[in-house]
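Since the structure comes first, as C-alpha cells, the remarks are kept for the end.
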Amino acid sequence: MILTGTAINRLLEEPKPAVQVAALVPPTREKRGHRENQVQVTGTQGSNFRLVVRELVRDPLDFSVTLAYEIPGSTRIFRLRRHNGASHSHTNKLEGTRLTGFHGHMATERYQTAGFKEEAYAESTDAYESLSGAIERMLEAAGFEAQSQGSFGV
Amino acid sequence: MTTDEREIFERLSSALGNQVEVYSVSDRESRVQTPLQFSDGDHLVTRLRRLDGDRYEWTDLGHTFMHLSYTLDVDTLESGKRAQILEEALDRADVDEREGELVLQADADDLGGSLLRFAQALIHVADLEYLTQERVVSTFVEDFRRVLAASFPGRAHFDYIDEDHDPRGLYPVSCLLNEVPRPVAVFALPSDDAVNVATITLQQFRNWGRHLFSTGVFEEQEQRNRKAVARFSDVVDKQFSFLHGNEQEIVTYLQGQLGE
C-alpha cells in the first residue's frame, strides 16, 4: 500500500495529544543491545500513532526517534518520520546523495512508488544533537500538543 | 591522521578500492565508514577495535539489531525460524553476538577480507526484516461502514437494494447516501468480484433509469485486476484507490457531493 504525499502530510499534521516525556527518556526496555520506550497516541481524526525511542547501549550518539502510523486492519506500521543520531552515514538512493551526521528520515510517496521503504529519504539536520533534542524536534514537527514540548533540555 | 589510522586506512583501501574512511574514536577503536548500506540507505556501522598485538575485532556496537527493530520486533528472534536463520548467518561468518553486539575476530593481515565478511553477515542479519509477516486482518468492509456511519448518521443505508426493480437483491449498493434528491452510491471494493458486481450494478441502475452519483472505494486498487478496474472506471464517477489513511479525504469529498 502506498500513502500519497497528501495523506502523509495530513497524518503528520493531525493534532496529537501531549505525551509524557518522562516515560520516554531515558529508554528503559532492554532490547538486544539497545533500549527502547514507546507511547501510543490517537490523533483528533482517530488515527493511531506510535512514538518509539531507541538508544544504543554502547553508543549514546546512536539513537532513533520514530513516529509511525498504525494502518487500520493490519499489523503493519507506516513510518512517517525517523530522527537518527550521528553514528552512521545515509545515502538517498534516488538522488545518490550521501549524508553524514544527524539526519531525519521522512516518508515520501516518491520513494514508495520507486519500490523503496517509505522513509528511505533523509535530510541532514542541525535541529538536534541528542536523543532528547530529537524527540523535541519530532513533537514540534508532528502536531503534538505544545504541553509535551520543552519539558526537558536539549 | 595518526600512524595507526593511516596503516589501517591503507590496508582497508587496498582491499576495498579506496572506498573507506577511517576516524579514530579512541586509542583502541576506529570508526570505519564504507559504502555498504541497509535497504533504507543507512550505512552499516562498522568499527575496528584493537585487542593486543596484531589482533583486532570488528564490531557493530549493536546497531544492526537496533536497525532491524524498525521493522521487526527483535524479541521474535529468540526462537523459531527467525532464530535459526540468524544463528546460521552468524555461524557462517564466524560472527559472535555479545548481548546484541555483533563481533568478528580479525588478524592485522586480513583486515580488508574480514571487513567484507563482517559486512556480509550484518546484511544477512538485516535481511531478517523480510520475514516480517504483516498479518492483514480483513477489516476493510467493517472500517468502510464505520467511517460512513459515523460521518453520515441516519443517511447511510448499507447493502441498499432497489426493491421495486430488484426484489431478489441481485444488485446491491454497499452504501447509499441521501436517497433524495441526489443519491450517492458508494461501493466498497475489497476484491475483483466486488469490482465486477459494482460495475454490473451501476449499469443496471442506468437501465432502470435511476440516476446515481457513484463513488468506489478500493481496499487496495493496485492489487485489483486491471481489466476489472478499467470496466468499473467506465461507469463510475469517482474512485479512491484506498481507504485506510484516506478516510477524511473521502468523507470531505462525499460531503461536497451531498451539497454540505
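The values are calculated or read from the model by the stated rules, or taken from the named source; none is laboratory data. All of these numbers come straight from a predicted model, not from anything done at the bench. FYI the Cβ positions are ideal-geometry reconstructions off the backbone, even for glycines, and counts take in every protein chain you see. The protein model used for the area step is the full one, side chains on, heavy atoms only, and it has no ligands, DNA or RNA in it. Shrake-Rupley method; radii C 1.70, N 1.55, O 1.52, S 1.80 Å.
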- Starting from the alpha-carbon convex hull of the protein assembly as shown, give the projected area averaged over all orientations, in nm². 24.1 nm²
- Query: Full extension from B:Leu51 to B:Glu87: what is 0.36 nm times the residue separation minus their Cα-Cα distance, to one decimal in nm?
  - Reply: 10.5 nm
- Item | MRE, 222 nm, helices only [DSSP H, n ≥ 4, -39500 (n - 2.57), over chain A, to nearest 500] | -4500 deg cm²/dmol
- Query: Using alpha carbon coordinates only, what is the Rg to Rh ratio of region B:1-80, with Rh defined as the Kirkwood radius?
  - Reply: 1.06
- Query: With the dipole of chain A worked out from charges on the C-beta (+1 for Lys and Arg, -1 for Asp and Glu) around the Cα centre, which of A:Ala120, A:Gln45, A:Ala146 lies farthest toward the positive end?
  - Reply: A:Ala120
- Item | When the convex hull of its Cα atoms is projected in every direction, mean area for region A:1-134 (nm²) | 8.5 nm²
- Item | Protein accessible area in region A:79-127, 1.4 Å probe - carbon and sulfur % | 47 percent
- Message: Can you say what percent of the DSSP beta bridges in the protein assembly as shown, counting only those with both residues inside, are antiparallel? Round to 5.
- Response: 85 percent
- Message: Please return the longest range in chain A lying between exposed loop sites, taking GluC sites (Glu not before Pro), DSSP loop only, at most 15 other beta-carbon atoms within 10 Å, and leaving the sites out.
- Response: A:1-94
- Give the long-range amide H neighbours of B:Gln37: residues separated by 5 or more places, or on another chain, with amide H under 5 Å away, using H modelled in the peptide plane at 1.01 Å from N. B:Leu44
- Query: How big is Rg to Rh over chain B, alpha-carbon atoms, Rh as the Kirkwood inverse-mean-distance radius?
  - Reply: 1.29
- Task: Go through A:Ala22, B:Ser39, B:Phe144 and say which Cα lies farthest out towards the positive end of the charge dipole of the protein assembly as shown; charges sit on Cβ, +1 for Lys and Arg, -1 for Asp and Glu.
- Result: B:Phe144
- Can you give the calculated 222 nm mean residue ellipticity of chain B, where each DSSP H run of n ≥ 4 adds -39,500 (n - 2.57) and the sum is split over every residue, rounded to the nearest 500 deg cm²/dmol? -12000 deg cm²/dmol
- Item | Alpha carbon convex hull of region B:152-260, volume per residue in cubic angstrom | 98 Å³
- What is the dipole size for region B:99-239, taken about its Cα centre, with +1 at each Lys and Arg Cβ and -1 at each Asp and Glu Cβ, in debye to the nearest 20? 1120 debye
- Rounding to the nearest 20 debye, state how big the charge dipole of the protein assembly as shown is about its Cα centre with +1 on each Lys and Arg Cβ and -1 on each Asp and Glu Cβ. 1100 debye
- Message: Angle check, please: helix B:3-16 long axis (alpha carbons) against the longest principal axis of chain B (alpha carbons), in degrees 0 to 90, nearest 10.
- Response: 60 degrees
- Query: Between B:Leu12, B:Gln204, B:Gly112, whose Cα lies farthest towards the positive end of the dipole of chain B when Lys and Arg beta carbons carry +1 and Asp and Glu beta carbons carry -1, centred on the Cα centre?
  - Reply: B:Gln204
- Message: Leaving out ligands and nucleic acids, and using a 1.4 Å probe, what accessible area per residue does region B:113-260 come to in Å²?
- Response: 52 Å²
- Which value, in debye to the nearest 20, describes the size of the charge dipole of chain A about its Cα centre when Lys and Arg Cβ atoms bear +1, Asp and Glu Cβ atoms bear -1, and nothing else is charged? 500 debye
- Note on the structure: Rounded to the nearest 100 Å², the accessible area buried between A and B, both sides, probe 1.4 Å, is 3800 Å²
- Rg (one decimal) and Dmax (whole number) from the Cα set of region A:50-108, in Å, equal 13.2, 37
